[in-house]
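Engineer: Structure incoming, see below.
The values are calculated or read from the model by the stated rules, or taken from the named source; none is laboratory data. Bear in mind the structure is a predicted one, so any value in this text is a computation, not a measurement. Heads up, the Cβs are rebuilt from the backbone with ideal geometry, glycines too, and the neighbour counts pull from every protein chain shown. Surface accessibility is based on the protein's heavy atoms, side chains included, excluding ligands, DNA and RNA. Shrake-Rupley method; radii C 1.70, N 1.55, O 1.52, S 1.80 Å.
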Amino acid sequence: MSRRFVAAAAQLGPIERGESRRSVVARLLALLDEARAADCRFVVFPEMALTTFFPRWLIEDPAEVAGYFESALPGPETAPLFERARRYGIGFYLGYCERHPERGGADHLGYNAAILVAPDGRVAARYRKVHLPGNARYDPTLKLQHLEPWYFLPGDLGFPVAEALGGRVGLLICNDRRWPEAWRMLGLQGAEMVALGYNSPAQLPDNPAQNALRKLHHLLPMQSAAYQNGTWIVAAAKAGTEGGCAMMGHSCVIAPSGEVVALSSGLGDELLPYRVDLDATAEYKRFFDFATYRRPECYGLLTEPHGRSPQRE
Ligand code: CDT
């Protein structure tokens, strides 16, 4: 399989609270059709690409919460996406909420997850988000709630890197992109491309001094990570004003040089295709030759126990 191909970030505009799965899947299919016309072999959809970003609310109705989780993927409503992608020979990354087999009922717990599907339809990797930002309790003093630790269990599948697309492909989800440890876990496994979906507020009403830095703090860690680990990054946003919250766009493709080679311009559904060459990673992997130059014996603090995670008790 050629290591040169077109990969695309498939940015989504807002998904409102009442939008049906069928309607969302129709939007994903439209982007997939566009990807086929652009000769894509790989498409990255956002984090929670099937639903609104519901952790911005403390939702009392267990039935509504349960409705945001998938008990199977593909399921009846998502099967058309898997079928069409396979027919087109396009692999994809899809962010979704995975229902926990035992704790996904009234207790409504699950994972913020992503799946990597190869162009032949094979499920190449599954990932459950490790870094869950926000609070495990509703905090009335905050203007913007972010209740991921209330709804989700921390990921327990490590940081997978799969053989796919003629190379090695890793998965991350949103807030993970701000953590160098996550990237290095993928880099150590030889990742040549990392797919990542996100839902990131464009503004932080509880800390407005940060607003002017939001784009910088989105791109900066990914540009560094691409360079320091010698990997391509394809990152897709859920963008626009969703549930009254302005979400950033800036979906992008980042080269192993750290350069942003494609950047979305709008805040709606938008395909961002770019022709990548996985062999372009080699120069950077040679420079940061981990086996020769890393000094793990000096990095002990990195794996020592830390403070308390904001988990639901
Ligand atoms: N979805 C997600 O992880 N979003 C976080 C927002 C943190 S603001 C409380 C992010 O890092 O973009």
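Engineer: Which net charge results when you count Lys and Arg as +1 and Asp and Glu as -1 among the other residues whose beta-carbon is under 15 Å from that of L204?
Structural biologist: Taking every Cβ under 15 Å from that of L204, the sum is +3.
Engineer: Let me ask something additional. At 0.36 nm per residue, and after removing the present C-alpha to C-alpha distance, how many nm does the segment from D107 to R275 gain when stretched out fully?
Structural biologist: Taking D107 through R275 to full extension adds about 56.1 nm, to one decimal.
Engineer: Continuing with the same structure: Go through 16-25, 143-152, 86-95 and give me the packing order, highest mean Cβ count within 10 Å leading.
Structural biologist: Top of the packing list down: 86-95, 143-152, 16-25.
Engineer: Accessible area per residue for segment 210-251 in Å², computed with a 1.4 Å probe and the full protein assembly in place, what is it?
Structural biologist: 31
Engineer: I would also like to ask the following. First select every other residue whose beta carbon is under 10 angstrom from the beta carbon of G91; then total the charges, Lys and Arg +1, Asp and Glu -1.
Structural biologist: Counting the neighbours of G91, the net charge comes to +2.
Engineer: Please report, in debye to the nearest 20, how large the charge dipole of segment 4-303 is about its Cα centre when each Lys and Arg carries +1 at its beta carbon and each Asp and Glu carries -1 there.
Structural biologist: Using Cβ point charges on Lys, Arg, Asp and Glu, segment 4-303 gives about 420 debye.
Engineer: Continuing with the same structure: Given points 7 Å out from each Cα along the Cα-Cβ axis, report the E83 to S2 separation in nanometres with one decimal.
Structural biologist: For E83 paired with S2, the spin-label model returns 3.0 nm.
Engineer: Oh, and also: How far apart, in nanometres, would the label points at R294 and A37 be if each is projected 7 angstrom from Cα along the Cα-to-Cβ direction?
Structural biologist: Going by the 7 Å Cα→Cβ label model, 4.4 nm.
Engineer: Heavy-atom accessible area per residue, segment 95-164, 1.4 Å probe: how many Å²?
Structural biologist: On a per-residue basis, segment 95-164 sits at 41 Å².
Engineer: Bin by bin, in steps of 10 Å, what percent of the Cα pairs in the chain do you find, going until the bin that has the longest distance?
Structural biologist: Taking all Cα pairs of the chain, the binned fractions are 6, 28, 37, 22, 6, 0 percent.
Engineer: Based on DSSP H runs of at least 4 residues, each adding -39500 (n - 2.57), what is the mean residue ellipticity at 222 nm of the chain after dividing by all its residues, to the nearest 500 deg cm²/dmol?
Structural biologist: Helices in the chain give a 222 nm mean residue ellipticity of -6000 deg cm²/dmol.
Engineer: Now for a different question. Could you compute the net charge surrounding T292? Neighbours are other residues with a C-beta less than 13 Å from the C-beta of T292; K and R count +1, D and E count -1.
Structural biologist: Result for the neighbourhood of T292: +3.
Engineer: Once R0 is set to 25 Å, what does the formula 1/(1 + (r/R0)^6) return for the Cβ-Cβ distance between A72 and K215, expressed as a FRET efficiency to the nearest 0.05?
Structural biologist: 0.10
Engineer: While we're here: State the percentage of accessible surface on the chain attributable to carbon and sulfur atoms; use a 1.4 Å probe and exclude ligands, DNA and RNA.
Structural biologist: Looking at the chain in its full context, I get 53 percent from C and S.
Engineer: With a 1.4 Å probe and all protein chains in place, put R178, R308 in order of accessible area, largest first.
Structural biologist: The ordering from most to least exposed comes out as R308, R178.
Engineer: What residues have an amide H closer than 5 Å to that of A125, excluding those fewer than 5 places away on the same chain, when H is modeled at 1.01 Å from N in the peptide plane?
Structural biologist: L116
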